[in-house]
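Take a look at the structure set out below.
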Amino acid sequence: MDLRKKASEISARLLEFYGNPEWREPFPPLDELVSTILSQNTNDLNRDRAFRNLRKRFPTWEAVRDANETEVIDAIRSAGLANQKGPRIQEVLREITRQCGQLDLGFLAEKSSEEVVSWLMQFKGVGPKTAAIVAQFSLNKPAFPVDTHIYRVTGRTGLRPTGLSVEKAHQHLADLFPPEDYYAAHLNIIRLGREICKSRQPDCIHCPINKYCNYYSEKLAERDRKSS
C-alpha cells in the first residue's frame, strides 16, 4: 500500500476508535516552550508538577531568567534532569531577551510553521519535537511532533523506515499525513502507544490498526510457521 494512503487510513481508523482527541488548554508559546523542555525524558504528570512549581515560585518569566540557578533547579526537581533543564531554560530565556528585547514570542504567530520550527531550534536543548509542539499546539500551525510512542508505532506499522532517526522522522511523517490530520493523528497515535502498542507486550489482538501493521503481520507469520 502507498504510504500516504496507509497513513490516511490509519488516521481515519484511530479517529473511529478514539474519536476526536482534545489537547489541554493551549499555553502561550513561551509557556509551551518551557513546558515542553520540562517534558523531555519524563512523563506528563512530572512535567506539569514542575511547571506549576516554577510558576508558583517565580511570578514572571523575567524572574525565572534572572533567578539564582539553584532556585530554578529546585523548583523543577520533579521533572527530572533538573540540573540540566534549569540552566537550559534560563539560557533560552536570556537569548530570547537578547534577540527580541523582551520575553514574548507572540511574533511567531506571523511566521510559517517551517519558520517557527527553524527559529526555535536555534536554542540549545530545543529539538524538532519541542519546536513542533510549540508550532502545532500553541500557534495552531501544521507540524508533526514525534515522541517515543509515535516513533515506535510508526516503525511497527512501517510508516517510517526502521533505521530512520527520530530527528528525520518529523519531516518524513509530516510528508505522509495530510496537514489537516496532524493534530488528531499525533494525539491518537500517542494514546495508542501508551495503551495498546506498548514497548513491551503490545496488545496486538485488540489494536484497531493491526491490519495495517507490519509487526503484527510478522507475528502472525511466525506463529503459523511454528504451528506448521
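Entry remark, the range 96-113: residues being exposed (fewer than 14 other Cβ atoms within 10 Å of the Cβ) and of a type in the set (Asp, Glu) number 1 in total.
When residue 216 is tested against (1) buried (at least 19 other Cβ atoms within 10 Å of the Cβ); (2) modelled with pLDDT of 95 or more, exactly one condition is not met: (2).
Considering every residue within the range 94-107, establish whether at least one is assigned to a loop (DSSP other than H, G, I, E, B), over 16 Å from the mean Cα position of the chain (by Cα) and without any contact (Cβ under 8 Å) to a residue 12 or more places away in the chain.
Our first condition is that a residue be assigned to a loop (DSSP other than H, G, I, E, B); within the range 94-107, this holds for 101-105.
So of that shortlist, the ones also over 16 Å from the mean Cα position of the chain (by Cα) come out as 101-105.
Among the residues that remain, those that are also without any contact (Cβ under 8 Å) to a residue 12 or more places away in the chain are: 101-102.
Within the range 94-107, one or more residues are assigned to a loop (DSSP other than H, G, I, E, B), over 16 Å from the mean Cα position of the chain (by Cα) and without any contact (Cβ under 8 Å) to a residue 12 or more places away in the chain.
If you go through the range 56-75 one residue at a time, do you hit one that is on the phi < 0 side of the Ramachandran plot, in a helix (DSSP H, G or I), surrounded by fewer than 19 Cβ atoms within 10 Å (Cβ to Cβ) and among the hydroxyl-bearing types (Ser, Thr, Tyr)? Yes, the range 56-75 contains a residue that is on the phi < 0 side of the Ramachandran plot, in a helix (DSSP H, G or I), surrounded by fewer than 19 Cβ atoms within 10 Å (Cβ to Cβ) and among the hydroxyl-bearing types (Ser, Thr, Tyr).
Selection of first residues in the range 1-15 that are modelled with pLDDT under 95 and of second residues that are in a helix (DSSP H, G or I), restricted to Cβ pairs under 9 Å at least 6 apart or on distinct chains, gives the following pairs, ordered by first then second residue: 1/9; 1/212. Per the conditions (1) part of a loop (DSSP other than H, G, I, E, B); (2) closer than 29 Å to residue 171 by Cα, the sole criterion not satisfied by residue 134 is (1).
Note on the range 27-86: residues that are without any contact (Cβ under 8 Å) to a residue 40 or more places away in the chain and among the hydrophobic types (A, V, I, L, M, F, W, C) total 13. Of the residues making up the range 171-201, just one is part of a loop (DSSP other than H, G, I, E, B) and hydroxyl-bearing (Ser, Thr, Tyr), namely 199.
The values are calculated or read from the model by the stated rules, or taken from the named source; none is laboratory data. Treat the numbers as computed from the prediction; the structure is a model and nothing was measured. Cβ atoms come from the backbone with ideal geometry, glycine included; neighbour counts cover every protein chain shown.
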